[in-house]
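The structure appears right after this line, and notes come after that.
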Amino acid sequence: MTAESDWDALRARLVQLQEAVAAEISAYPAPIPACDAQFDHLLERRAALSEALAGLDAARKDGSRTLESFVAGLPDLDAGGRLGD
């Protein structure tokens, strides 16, 4: 794999996770605001994934970080496993 395709693969995975979280939020029964821990967790994951995508795009554009250092700095965004799996 080339470095560009590795960045593309990571971006695709983050987008896939973001879409999965958006689908979960859309299908979630109406919560009581600020009283539903699972819903709040989904909102936190959505925000973290958006931040990770913005950071990935910036790091890729300016070349300030390697893919490996970027991935190492990511929180656990994939509730079912690790990003690279």
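The values are calculated or read from the model by the stated rules, or taken from the named source; none is laboratory data. Computed from a predicted model, the values in this text were never measured in an experiment. Positions of Cβ are backbone-derived with ideal geometry, glycine not excepted, and every protein chain shown enters the neighbour counts.
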Please go through the range 43-60 and pick out each residue that is modelled with pLDDT of 90 or more and not hydrophobic (A, V, I, L, M, F, W, C).
44, 45, 46, 50, 51, 55, 57
Looking only at the range 38-67, how many residues end up being surrounded by fewer than 15 Cβ atoms within 10 Å (Cβ to Cβ) and of a type in the set (D, E, K, R)?
6
All but one of (1) among the acidic types (Asp, Glu); (2) under 16 Å from residue 77 (Cα atoms); (3) out of contact with any helix residue (DSSP H, G or I) (no Cβ under 6 Å at 6 or more places or on another chain) hold for residue 24; state the number of the condition that does not hold.
(3)
Here are some residues: 78, 40. Which one is modelled with pLDDT under 85 and outside any helix (DSSP H, G or I)?
78
When residue 4 is evaluated against the numbered criteria (1) modelled with pLDDT under 90; (2) over 28 Å from residue 69 (Cβ atoms); (3) in a helix (DSSP H, G or I), which criterion, by number, is the only one it fails?
(2)
